[in-house]
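Written below as structure tokens is the structure these notes are about.
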Amino acid sequence: MNKIIVDEQTPAIFRNNWKLCVGTGRLGLALQKEYIDHLKLIQENIRFDFIRGHGLFHDDIGIYRELTTEAGETKPFYNFTYIDRIFDMYLELGIRPFVELGFMPKLLASGEQTIFAWEGNVTPPADYDKWYDLIQATVSHFIDRYGLEEVLSWPFEVWNEPNLSNFWKDANKEEYFKLYRTTVMAVKDIHPDLQVGGPAICGGSDEWITDFLHFCKNESVPVDFVSRHAYTSAKPHKVTPDYYYQKLFENTHMLDELKKVKELIDASPFPHLPFHITEYNTSYSPINPVHDTTLNAAYLARILSEAGDYADSFSYWTFSDVFEEADVPKAQFHGGFGLIALNGIYKPTFHLFSFFNQLGEEQLYRDESTLVTRKSDGTLAIAVWNLVMETGEGYSKELELVLPAHAKNLFIKRQTIDEDHANPWKVWKQMGRPRFPWKKEVHTLQQAAEPHLRTARMESMDGKITLPLLLTKNEVSLIEITAIEDETDTYIGLDDSLIPSYSKEWS
């Protein structure tokens with residue numbers, strides 16, 4: 001048994017940077033009802049500050065169009081009908097856009113290379129002057145509609161993963177720098193305080209960050225933040241039409257990557273730039289079943305706990321399984337990135353985020369599987385987890401927490417997800433994996449998605465409370481300890497022994 005004694009001598013501030021942003025499928029999906037329903041649930045239970053996704057300039061939103069005049073002249077027409085509808089909805093739900101400027105509208109594209117089932121064009125603009133004008137028109141429209149003060153709070157990120165040839169033609173670094181220069185000048189020419197950054201690369205090419213920052217310094221190109229992505233899955237060992245299977249590195253792999261990138265920024269000509277992870281998860285594939293499991297939640301618990309030491313924000317990819325990079329989802333559970341599965345079913349990782357959202361501001365203790373916090377009202381809020389990467393049964397872990405207590409009588413509330421609780425993926429398998437479940441089956445899965453709740457009453461001794469815990473395989477628990485204001489004596493004639501089944505007289 002591992003015994004942890006928590007004191008309150010030097011409390012730290014818990015950095016809840018995990019909450020600043022969340023990812024979404026392409027922005028055009030925000031026109032679907034289920035997408036909006038899921039985002040409402042997210043904001044009611046977790047409430048992220050920003051949302052980031054691809055496809056601002058994709059043709060399904062239709063911002064860039066060209067019209068032919070009566071004189072036969074072709075002129076750009078900027079159509080903001082759909083993006084206004086989307087951004088209005090975001091702001092009404094209390095979430096702001098973290099704006100990714102991409103991909104290329106077909107009418108502006110220099111080539112036909114695309115990515116994803118929805119065919120996002122990943123080639124440079126055929127005319128950089130027209131790209132400049134598109135950026136100017138779009139950002140100016142946002143300011144006209146939402147006000148300068150509001151839009152000054154929005155980060156603008158240039159493109160997505162240009163270090164990969166499938167996201168940026170030939171992964172051409174110099175061409176990306178040209179795109180970045182044109183884009184940032186288009187934005188800054190509107191207002192110098194608008195936030196623009198990049199290079200939005202994925203892992204494995206961190207030399208891009210160093211080269212990008214030196215380019216900005218040497219060429220006097222503005223940069224307001226550095227962005228990068230982080231995933232911890234190895235190359236696939238099996239790929240099928242339905243699923244993508246990968247091994248996972250240890251979760252410390254991601255923390256080590258973030259620390260390294262932070263060091264690169266600190267050693268650059270811009271050592272104080274904010275650092276945003278604009279995508280992260282275990283697997284980078286939208287059809288990897290690990291995303292549906294309790295392992296995914298237990299694995300990422302340490303990331304939520306510690307990544308804020310290095311990154312100013314880190315954006316979980318994504319909030320919903322309404323997502324179409326690999327085409328329309330083929331089944332209820334299909335390995336999607338989302339915190340919420342189709343039909344509004346909470347996945348285990350949703351509860352991980354919900355649990356962390358209920359933690360306190362003061363950090364009293366932290367290790368690789370425990371985080372003890374205190375809220376402003378004195379409530380202790382504790383997250384504990386037991387990550388198990390091995391197959392098979394067992395792997396329980398015993399833990400004893402010795403905690404400070406400022407009341408004699410205490411109420412203990414424990415919410416748990418593990419292999420047997422809040423695991424709708426398991427129940428779905430028991431059902432025979434229905435691809436398109438009936439309403440009755442959906443209701444059962446929704447019931448199966450709720451955390452296990454346990455409560456108790458305990459007394460402290462000498463200002464301490466000792467809490468023994470048994471953590472099961474891939475368990476994540478939120479434990480809240482509050483002082484009891486006992487009103488039992490205010491009830492006239494109260495005598496529980498007179499209730500059948502609670503007294504020997506009735507046996």
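The values are calculated or read from the model by the stated rules, or taken from the named source; none is laboratory data. Just so you know, these numbers come straight off a predicted model, no measurement behind them. No Cβ is skipped: glycine too gets one built from the backbone with ideal geometry, and neighbour counts run over all protein chains shown. Each accessible area value is taken on the protein alone, full model and side chains, heavy atoms only, with ligands, DNA and RNA left out. Shrake-Rupley method; radii C 1.70, N 1.55, O 1.52, S 1.80 Å.
For the range 16-37, which positions are surrounded by fewer than 21 Cβ atoms within 10 Å (Cβ to Cβ) and of a type in the set (S, T, N, Q)?
Asn16, Asn17, Gln32
For the range 51-89, give me each residue that is assigned to a helix (DSSP H, G or I), in contact (Cβ under 8 Å) with a residue 24 or more places away in the chain and either more than 21 Å from Val151 (Cα to Cα) or open to solvent by 30 Å² or more (accessible area, probe 1.4 Å) (or both).
Residues satisfying the conditions are Tyr82, Arg85.
Give the residue that is farthest from Leu273 (Cα to Cα), with candidates limited to residues of the range 226-256 that are crowded, with 20+ Cβ neighbours inside 10 Å and of a type in the set (Val, Ile, Thr).
Applying the filter and picking the extreme gives Thr232.
Restricting to the range 422-451, and then to whatever is without any contact (Cβ under 8 Å) to a residue 40 or more places away in the chain and open to solvent by less than 60 Å² (accessible area, probe 1.4 Å), can you tell me which residue is nearest to Tyr365 (Cα to Cα)?
Per the criteria, the residue is Ala448.
Scan the range 271-281 for residues that are open to solvent by less than 70 Å² (accessible area, probe 1.4 Å) and out of contact with any Lys or Arg (no Cβ under 7 Å at 6 or more places or on another chain) and jot them down.
Pro271, Leu273, Pro274, His276, Glu279, Tyr280, Asn281
Check whether at least one residue in the range 38-50 is among the polar types (S, T, N, Q), in the same structural domain as Pro348 (by the TED database), out of contact with any Phe, Trp or Tyr (no Cβ under 6 Å at 6 or more places or on another chain) and surrounded by 14 or more Cβ atoms within 10 Å (Cβ to Cβ), and report yes or no.
yes
Among the residues of the range 178-234, write down those that are assigned to a helix (DSSP H, G or I) and without any contact (Cβ under 8 Å) to a residue 40 or more places away in the chain.
Hits for the range 178-234 are Val184, Lys188, Glu207, Asp211, Phe212, Phe215, Asn218.
One line per residue, one yes/no per condition, for (1) modelled with pLDDT of 95 or more; (2) among the hydrophobic types (A, V, I, L, M, F, W, C):
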site: Ile13; (1), (2): no, yes
site: Asn17; (1), (2): yes, no
site: Leu29; (1), (2): yes, yes
site: Asp49; (1), (2): yes, no
site: Ile61; (1), (2): yes, yes
site: Arg65; (1), (2): yes, no
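If Arg457 satisfies every condition in (1) basic (Lys, Arg); (2) farther than 19 Å from Tyr346 by Cβ; (3) surrounded by 14 or more Cβ atoms within 10 Å (Cβ to Cβ) but one, which is the exception?
Condition not satisfied by Arg457: (3).
Given the criteria within 15 Å of the chain's Cα centre (by Cα), touching a residue at least 60 places away in the same chain (Cβ under 8 Å) and farther than 17 Å from Val442 by Cα, does Leu352 qualify? Please lay out each step first, then the result.
Details: within 15 Å of the chain's Cα centre (by Cα): yes; touching a residue at least 60 places away in the same chain (Cβ under 8 Å): yes; farther than 17 Å from Val442 by Cα: yes.
In short, yes.
For the range 187-218, name all the residues that are touching a Phe, Trp or Tyr at 6+ places or on another chain (Cβ under 8 Å) and open to solvent by 50 Å² or more (accessible area, probe 1.4 Å). Can you show your working first?
Looking only at the range 187-218, we keep the residues that are touching a Phe, Trp or Tyr at 6+ places or on another chain (Cβ under 8 Å), and these are 187, 194-203, 212-213, 215-217.
Of everything in the range 187-218, those that are touching a Phe, Trp or Tyr at 6+ places or on another chain (Cβ under 8 Å) and open to solvent by 50 Å² or more (accessible area, probe 1.4 Å) turn out to be Gln195, Lys217.
What's the number of the only condition in (1) surrounded by fewer than 24 Cβ atoms within 10 Å (Cβ to Cβ); (2) modelled with pLDDT of 95 or more; (3) closer than 23 Å to Ile303 by Cα; (4) in contact with a strand residue (DSSP E or B) (Cβ under 8 Å, 6 or more places away or on another chain) that Val372 fails to meet?
(1)
Return yes when Phe48 is of a type in the set (Phe, Trp, Tyr), in contact (Cβ under 8 Å) with a residue 24 or more places away in the chain, assigned to a helix (DSSP H, G or I) and closer than 30 Å to Tyr346 by Cα and no when it is not. Talk me through it step by step, then tell me what you get.
Values: of a type in the set (Phe, Trp, Tyr): yes; in contact (Cβ under 8 Å) with a residue 24 or more places away in the chain: yes; assigned to a helix (DSSP H, G or I): no; closer than 30 Å to Tyr346 by Cα: yes.
No.
When the residues of the range 470-482 are filtered to those that are open to solvent by less than 10 Å² (accessible area, probe 1.4 Å) and not β-branched (Val, Ile, Thr), which remaining residue is farthest from Lys375 (Cα to Cα)?
Checking each candidate, the answer is Asn474.
Return the pairs, sorted by first residue and then second, in which the second residue is part of a helix (DSSP H, G or I) and at pLDDT below 95, the first residue lies in the range 148-169 and is on the phi < 0 side of the Ramachandran plot and not assigned by the TED database to the domain that holds Asp224, the beta carbons are less than 6 Å apart, and the residues are 6+ apart or on different chains.
none
Just to be sure I understand, how many residues within the range 90-120 are more than 28 Å from Glu175 (Cα to Cα) and open to solvent by less than 20 Å² (accessible area, probe 1.4 Å)? Step through it out loud before you land on a result.
At the first step, the residues of the range 90-120 found to be more than 28 Å from Glu175 (Cα to Cα) are 90-96.
Now restrict to residues that are open to solvent by less than 20 Å² (accessible area, probe 1.4 Å): 90, 95.
Counting residues in the range 90-120 that are more than 28 Å from Glu175 (Cα to Cα) and open to solvent by less than 20 Å² (accessible area, probe 1.4 Å) gives 2.
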